[in-house]
Amino acid sequence: MQIAFLSYWSCPRTPLGILSSGGMNVYILNLASELAKLGHRIDIFTREHSRQKNNIVNIGRYVRLIHLKATGDDNYQKSLEFGRNLIGFIKNNSLKYDIFHSHYYYSALSGIEVVKHVKAPLAVTFHTLGEMKKIYAGTIDKPRIEAERGIVGDADALIASTELEKDELIRYYQANPEKIHVVIPGVDHRLFRPKSMTLSRRKLNLPQNKKIILFVGRIDPVKGISLLIEAVGGMQVEVLLIGGDIKSRSFWQHPEVKRIKDNIESKKLEGRIKFLGSKAHRLLPWFYSAADLVVLPSVYESFGLVILEAMACAAPIIASRSGGLKYLIEDGKTGVFFESGNSADLAEKLKKLLLSEKQLVQMGTRAYWESQKYCWDKQAVKMVEVYRKLSG
Ligand code: UDP
């Protein structure tokens, strides 16, 4: 099949953990690469940006990354123009696609524009939903929710990452259940696998004799990092925060970063909580393996790739009981949940867990085996089935 991915919001090759670059980019690249292994051809369309070297880049056998212009006053206008430019690109190059698959709601707006003029079905993965951000993070974005409602009606298929996301689409957006297909993301097990803790700490220049807690992700209010700072107040631990462009001035001016920093300073934790900045995937297995515990304190997670990666590295995890994490973690067995938003509960469970070496090792081992269920190769086959059903 000839497949077009639309990634208006962020170039999938942007370093991860910076601004909006996170799980969606990993999803797009992993899915594209698995589809290519099955013999399909994938063009990923994204916006032009300052770091790109060429407009069209071959990023793997059968996978191209194509940058298109998108000008306009706001993202809504730009996403429509992006769609129109995509139509132009298709016509100028006499291309034909069997399916358009949009990622995030702006790409879905572009996609709706495209399929008005180019005959092919449109599948949409939202990755996050405005209604859920409103409920769990208090972020109210009415135009976004309105746009998502329109997309739910117009798209030919909605791809949900979990049964929970399917239920949310039905409950909050009145989506037609028949349109929704659940395709669960996977993890690259060749990269994410367990390593020795001693070796990992030596390689990363981390102390061997300290308890290390690790957070990996975008530095965004939804990730609940302040809860973690609250929780570790009186504990003898080092906290490593991976994510964010720490070399840029704008990072340190970001309201969420300021909030976290103020919190750290007011608790006099400067020496023990470190912003390490964004790290590439190839380094993350070492970090997961070096940590005594990986913590994800999010107020909401639609899926939680970081947890899956940590599990694949046999790292013990503690996460908030939120969103799609309930599918990944079996409480007390493959990880531990704390009550979402409750830093006292997090503190209590952290203390207990750090004292129980045996439980940590057992949890990590079980998590490793559980993670083996989540593979992109099987999910790519499932996605192709959806595409075929749509394209007839
Ligand atoms: N990530 C990374 N380097 C960083 C921060 C994040 O590679 O510095 C990756 C992380 O490994 C994971 C993705 O970004 O693959 C985040 O996905 P997740 O589903 O956990 O969060 P989202 O960004 O979707 O909220």
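The values are calculated or read from the model by the stated rules, or taken from the named source; none is laboratory data. Remember, predicted model here, so these are calculated numbers, not experimental data. Here the Cβ is made from the backbone with ideal geometry for all residues, glycine too, and neighbour counts use every protein chain on show. All accessible areas refer to the heavy atoms of the entire protein, side chains included, with ligands and DNA or RNA removed. Shrake-Rupley method; radii C 1.70, N 1.55, O 1.52, S 1.80 Å.
Overview of results
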read-out: Residues that are touching a Phe, Trp or Tyr at 6+ places or on another chain (Cβ under 7 Å) and open to solvent by 30 Å² or more (accessible area, probe 1.4 Å), drawn from region 110-126; value: Val115
read-out: Filtered residue count, region 136-148, keeping only those that are within 17 Å of Gly323 (Cβ to Cβ) and modelled with pLDDT of 95 or more; value: 1
read-out: Some residue of region 357-366 being exposed (fewer than 15 other Cβ atoms within 10 Å of the Cβ) and not in a helix (DSSP H, G or I); value: no
read-out: Residue tally, condition outside any loop (DSSP other than H, G, I, E, B) and open to solvent by 10 Å² or more (accessible area, probe 1.4 Å), over region 184-205; value: 6
read-out: Answer from Lys378, Lys349, Lys389, Lys382 - the residue that is modelled with pLDDT under 95 and at negative phi; value: Lys378
read-out: Scan of region 308-318 for residues that are of a type in the set (A, V, I, L, M, F, W, C) and either in a loop (DSSP other than H, G, I, E, B) or within 7 Å of the ligand (Cβ to nearest atom) (or both), ordered by number; value: Cys313, Ala314, Ala315
read-out: Residue within region 1-20 that is away from the ligand (no atom under 16 Å from the Cβ) and either over 19 Å from Phe126 (Cβ atoms) or out of contact with any strand residue (DSSP E or B) (no Cβ under 9 Å at 6 or more places or on another chain) (or both) present; value: yes
read-out: Failed item, numbered, when Gly335 is tested on (1) crowded, with 22+ Cβ neighbours inside 10 Å; (2) near the ligand (Cβ under 10 Å from one of its atoms); (3) without any contact (Cβ under 8 Å) to a residue 40 or more places away in the chain; value: (2)
read-out: Pairs with Cβ under 8 Å, 6+ apart, first in region 129-140 and in a helix (DSSP H, G or I), second open to solvent by 50 Å² or more (accessible area, probe 1.4 Å) and of a type in the set (Asp, Glu); value: Gly130/Asp141; Lys133/Asp141; Lys134/Asp141
read-out: Test: residue in region 344-356 that is part of a strand (DSSP E or B) and over 23 Å from Ser278 (Cβ atoms); value: no
read-out: Counted residues, region 150-183 - those being open to solvent by 20 Å² or more (accessible area, probe 1.4 Å), out of contact with any helix residue (DSSP H, G or I) (no Cβ under 6 Å at 6 or more places or on another chain) and either assigned to a loop (DSSP other than H, G, I, E, B) or farther than 30 Å from Glu370 by Cα (or both); value: 4
read-out: Residue selected from region 284-306 under the condition farther than 23 Å from Val257 by Cα and of a type outside the set (Ser, Thr, Tyr), by the criterion farthest from the ligand (Cβ to nearest atom); value: Asp292
read-out: Ala319 vs. criteria on the phi > 0 side of the Ramachandran plot and either surrounded by 19 or more Cβ atoms within 10 Å (Cβ to Cβ) or without any contact (Cβ under 8 Å) to a residue 12 or more places away in the chain (or both); value: no
read-out: Region 207-226 residues that are acidic (Asp, Glu), paired with ones that are away from the ligand (no atom under 12 Å from the Cβ) (beta carbon under 7 Å, 6 or more apart); value: Asp220/Glu256
